[in-house]
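S.K.: Right, I'll just put the structure down here and ask away after.
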């Protein structure tokens, strides 16, 4: 008796961005609906059953935290109906969205793949179809988790960062190996780089937007931390110098950080360097920060650090629990050094 193999059902959720853009009076604007792209998308995935729906249609500069929560809830609701989900997204904030989805959708049982393009799908030389091919096939891979698919590479969602503004090779995997790539032989997945599920999936979409990202420069006035605290900021991610150090002589950022921590604000410190991460225990400028209660981002991307901070503050107000969250690797976002 011969059995027919059922096609995998893949849902494509459109949020807008360059891939679905059309020409407007003031330049490119998101305008295509997902149904308008469906015929072209089917050309790169004929062995799959594709369905589409529109979540929103915006330039990704206009994506906000409430959109992350809504998108995560939509994905969680649909996750039992499909074998994988691909999200079309503008590239400018794509890495932030992928990072936040990694935390909100941790332990999800299907692949969730965020992709986009540098040129509209209507452009004859666009990278859109190639990125969609990679994204859709990763969504059909059966490998659970949140990923970014771009320029024939697959990146863990919370390790992706946009590093080029115009090139097709716009995204890199930061401080972590690539999860997969597409070649003439098809999609090759490095399963050793996948993150194993650690529990039962339940969406955790609470967050706090009372955070701030601060990049230090020589001579910066440390009173900005006092100002942020007075304005109700609950957490700040500071990109320090080199291994994450901050000044304490003329401009005493250590003292300002101590006041902030004592007042209940979370201060997370990382490096301005994209690669290799922070290590506050090496120099005096870092050790003093640790002594006053500053937390370390280690080798997290800025996108992962700020979204993890937002997500953690949405889960708890307890400072002990917050410190615990930042001492563990939740979704593959960080390498915690062995003591």
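The values are calculated or read from the model by the stated rules, or taken from the named source; none is laboratory data. These figures come from a predicted structure and were not determined experimentally. No Cβ is skipped: glycine too gets one built from the backbone with ideal geometry, and neighbour counts run over all protein chains shown.
S.K.: Residue 248 is checked against (1) more than 28 Å from the chain's Cα centre (by Cα); (2) over 18 Å from residue 295 (Cβ atoms); (3) assigned to a loop (DSSP other than H, G, I, E, B) and fails just one. What number does that condition carry?
M.R.: Only one criterion in (1) more than 28 Å from the chain's Cα centre (by Cα); (2) over 18 Å from residue 295 (Cβ atoms); (3) assigned to a loop (DSSP other than H, G, I, E, B) is unmet by residue 248, namely (2).
S.K.: Now for a different question. Across segment 220-244, what is the total count of residues that are surrounded by 17 or more Cβ atoms within 10 Å (Cβ to Cβ) and under 25 Å from the mean Cα position of the chain (by Cα)?
M.R.: Counting residues in segment 220-244 that are surrounded by 17 or more Cβ atoms within 10 Å (Cβ to Cβ) and under 25 Å from the mean Cα position of the chain (by Cα) gives 12.
S.K.: Which condition number does residue 285 fail, the rest of (1) out of contact with any strand residue (DSSP E or B) (no Cβ under 8 Å at 6 or more places or on another chain); (2) modelled with pLDDT under 95 being met?
M.R.: Single failed check for residue 285: (1).
S.K.: Search segment 37-51 for residues being touching a helix residue (DSSP H, G or I) at 6+ places or on another chain (Cβ under 9 Å) and within 20 Å of residue 120 (Cβ to Cβ), and hand back the single one that is surrounded by the fewest Cβ atoms within 10 Å (Cβ to Cβ).
M.R.: 43
S.K.: Can you name the number of the only condition in (1) in contact with a strand residue (DSSP E or B) (Cβ under 7 Å, 6 or more places away or on another chain); (2) without any contact (Cβ under 8 Å) to a residue 40 or more places away in the chain; (3) loosely packed, with under 15 Cβ neighbours inside 10 Å that residue 250 fails?
M.R.: For residue 250, the exception is condition (1).
S.K.: Residues being within 15 Å of residue 110 (Cβ to Cβ), assigned to a strand (DSSP E or B) and in contact (Cβ under 8 Å) with a residue 60 or more places away in the chain: count how many of those fall in segment 51-93.
M.R.: 4
S.K.: Would you be able to tell me the number of residues in segment 179-200 that are touching a helix residue (DSSP H, G or I) at 6+ places or on another chain (Cβ under 7 Å) and either within 24 Å of residue 303 (Cα to Cα) or modelled with pLDDT of 95 or more (or both)?
M.R.: Within segment 179-200, residues that are touching a helix residue (DSSP H, G or I) at 6+ places or on another chain (Cβ under 7 Å) and either within 24 Å of residue 303 (Cα to Cα) or modelled with pLDDT of 95 or more (or both) number 2.
S.K.: Which one of these does residue 146 not meet: (1) assigned by TED's automatic domain parsing to the domain that holds residue 317; (2) closer than 23 Å to residue 48 by Cα?
M.R.: (1)
S.K.: Which count do you get for residues in segment 273-287 that are closer than 20 Å to residue 235 by Cβ and either in contact with a helix residue (DSSP H, G or I) (Cβ under 9 Å, 6 or more places away or on another chain) or without any contact (Cβ under 8 Å) to a residue 12 or more places away in the chain (or both)?
M.R.: The number of residues fulfilling the criteria is 2.
S.K.: What's the total number of residues in segment 313-332 that are surrounded by fewer than 24 Cβ atoms within 10 Å (Cβ to Cβ) and either touching a strand residue (DSSP E or B) at 6+ places or on another chain (Cβ under 9 Å) or in contact (Cβ under 8 Å) with a residue 24 or more places away in the chain (or both)?
M.R.: 10
S.K.: Filter segment 180-190 for residues that are on the phi < 0 side of the Ramachandran plot and out of contact with any strand residue (DSSP E or B) (no Cβ under 7 Å at 6 or more places or on another chain) and give the result.
M.R.: Correct list: 182, 183, 184, 185.
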